[in-house]
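Data block below; observations after.
The values are calculated or read from the model by the stated rules, or taken from the named source; none is laboratory data. Computed from a prediction, not measured in an experiment: that's the story for all the values here. Virtual Cβ from ideal backbone geometry, glycine too; neighbours counted across all protein chains shown.
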């Protein structure tokens with residue numbers, strides 16, 4: 001079962017927002033492999049579950065319950081492996097402030113400050129309690145059929161919650177330390193991981209190669225990337241597995257062996273952990289989608 005809905009900002013007098021909406025998936029759902037990018041920043045708020053996006057430079061961006069991901073304007077991104085795992089999320093795409101004309105809720109100067117705050121920080125941040133409450137209230141309003149008949153009070157309430165979500169997101173990013181590129185040690189480890197296709201280095205060996213302790217690597221990797229090195233390696237393995245399952249004719253057992261899993265059962269458990277379905281179901285789902 002899945003529930004999705006979206007509304008364009010101009011429909012409720014909020015030109016700062018191109019479109020916003022929610023997606024609730026009870027089971028894994030196949031989606032397009034196309035890259036997304038927008039003239040304004042996109043914000044994705046994970047309300048329940050776990051999902052992962054990839055950027056066109058191969059970097060993985062994980063998102064867990066209670067976290068928000070920022071994709072700056074123009075940055076290409078897509079859900080990894082063409083599958084949304086079972087999850088619930090809210091998203092909004094900001095308009096290009098040069099094309100919106102007069103601001104609807106944020107003044108022109110505040111809109112510029114808002115864009116600057118989002119653009120100078122890292123990709124993943126926590127959702128504040130106040131922001132989460134407004135997101136949940138906004139989704140409830142979007143499910144109320146009276147909203148779509150133009151009920152003035154509901155539209156006003158929707159606008160108020162949308163404004164609070166933007167302000168709370170701004171506050172979280174403004175309090176966070178400014179970040180630009182990953183630490184050079186983290187970048188070197190990423191390059192090493194992305195360069196592997198069949199052998200998967202141990203985290204201790206990676207730390208030794210870049211000249212730091214395992215604990216230090218874990219700390220700076222989680223700070224800059226949003227997950228542990230071992231989790232990143234597993235997600236990268238699963239991405240490689242999905243490519244094999246989509247494009248090749250090897251059996252699931254052969255794919256598991258090629259990618260260094262202890263057994264096909266271990267492979268299936270790990271695969272389900274990250275994508276919410278088995279390797280065989282994934283292959284069938286992608287084959288069905290390709291045939292449409």
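Listing for the model above:
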| quantity | calculated |
| --- | --- |
| Pairs, first over 19 Å from residue 287 (Cα atoms) in segment 68-89, second assigned to a helix (DSSP H, G or I), C-beta under 7 Å, six or more apart | 68/169; 70/118; 72/119 |
| Residue selected from segment 128-144 under the condition touching a helix residue (DSSP H, G or I) at 6+ places or on another chain (Cβ under 8 Å) and in a helix (DSSP H, G or I), by the criterion farthest from residue 5 (Cα to Cα) | 130 |
| Residues being assigned to a loop (DSSP other than H, G, I, E, B) and either surrounded by 16 or more Cβ atoms within 10 Å (Cβ to Cβ) or touching a strand residue (DSSP E or B) at 6+ places or on another chain (Cβ under 7 Å) (or both) - total across segment 47-85 | 8 |
| Boolean, residue 47 is in the same structural domain as residue 71 (by TED's automatic domain parsing), without any contact (Cβ under 8 Å) to a residue 24 or more places away in the chain and closer than 23 Å to residue 227 by Cα | no |
| Failed item, numbered, when residue 39 is tested on (1) in a strand (DSSP E or B); (2) within 18 Å of residue 106 (Cβ to Cβ) | (1) |
| Boolean, residue 156 is part of a helix (DSSP H, G or I) and at pLDDT below 90 | no |
| Those residues of segment 205-214 which are surrounded by 12 or more Cβ atoms within 10 Å (Cβ to Cβ) and more than 24 Å from residue 257 (Cβ to Cβ), in sequence order | 207, 208, 209, 210, 212, 214 |
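Rundown of residues vs (1) crowded, with 18+ Cβ neighbours inside 10 Å; (2) outside any helix (DSSP H, G or I), yes/no style:
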residue	(1), (2)
216	no, no
219	no, no
223	no, no
245	yes, no
249	no, yes
257	no, no
262	no, yes
